[in-house]
1. Run the quick spin-label model on residue 202 and residue 216: label points 7 Å from Cα toward the beta carbon, then report their separation in nm to one decimal.
2. Pick out, in residue order, every one of the chymotrypsin sites (Phe, Trp or Tyr not before Pro) in the stretch 133-183 that is DSSP loop and has at most 15 other C-beta atoms within 10 Å; say none if there are none.
3. Kindly state, as a whole number, the per residue volume in cubic angstrom of the convex hull around the alpha carbon atoms of the chain.
4. If the viscosity is 1.306 mPa s and the temperature 10 °C, what Stokes-Einstein diffusion coefficient in µm²/s follows for the stretch 83-210 when Rh is the Kirkwood radius over Cα pairs?
5. Find the relative contact order for the chain and round it to a whole percent, using C-alpha pairs within less than 8 Å whose residues are 6+ positions apart.
6. At R0 = 35 Å, how high is the FRET efficiency between residue 70 and residue 144 if r is their beta carbon distance? Nearest 0.05 is fine.
7. Sequence-distant or interchain residues sharing an amide H contact under 5 Å with residue 90, placed H: which?
8. Roughly how big is the chain's charge dipole about its Cα centre, with Cβ charges of +1 (Lys, Arg) and -1 (Asp, Glu), in debye to the nearest 20?
Amino acid sequence: MAQINPSILSADFARLGEEARAVEGADWLHVDVMDNHFVPNLTLGLPVVESLRKSTDTPLDCHLMIEDPDRWAPQYAEAGAGSVTFHAEAAAAPVRLAREIRRQGARAAVALKPATPVEPYEDLLPEFDMVLIMTVEPGFGGQAFLDIMLPKIRRTRRLIDRHGLPLWLQVDGGVSAATIERCAEAGADVFVAGSAVYGAEDPAGAVRALRERAERAAASRATAG
């Protein structure tokens, strides 16, 4: 089943509690954490995650675009995140970090920037619960989807299937009604959508519509495959 994770990066930061409740039909609420070092933008941190956890029943999917995730990522699990994603490019000891995140009770995920190939991480995949393929350069919302990432999504899906892993495959960046079907056909099953949800008049309706498109494309892929 396709999962839709609205990104609060596109929400009204002055009304985060209300914005979180506006998409309560979503599977997860995607929280982008940026430190202005790993990426050229600064967003929010642990206090906001702790507050959001109290404001919504939707589980939090924290995507850490930060330096030194080995130090900081476990604290997001402690703060109440249900899933914590760190970047392969930033982690010094990704296996140890993933195990520590899991020990704290959260799902552990690894993210790959567009220029980072997935193949070097094939042997590590069993240590993760999800792989995130960035379909834009991380740092800013509202960017155009990079079609050149579709082959990478397909390769990642093949690796997951080859090893029979229960891994979720997430895509983040430029996901909208115009692009989500291509992502699902390529093998993604978790979709981060920012402006496509929070820019809609009915955010909850946008979540439902995106899920329907993704599931229709996934069913078509399964039939063809």
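1. Between residue 202 and residue 216, the label points sit 1.6 nm apart.
2. On the way: sites: 140, 145, 168; in loops: 140, 145.
Sparse-neighbourhood loop chymotrypsin sites (Phe, Trp or Tyr not before Pro): 140.
3. Cα-based convex hull of the chain, divided per residue, equals 107 Å³.
4. This corresponds to a translational diffusion coefficient of 105 µm²/s.
5. This gives 20 percent for the chain.
6. 0.60
7. none
8. 540 debye
Laboratory data are not the source of any read-out in this text; all were calculated from the coordinates shown. Bear in mind the structure is a predicted one, so any value in this text is a computation, not a measurement. Note that we place each Cβ from the backbone using ideal geometry, even for glycine, and neighbour counts take in every protein chain shown.
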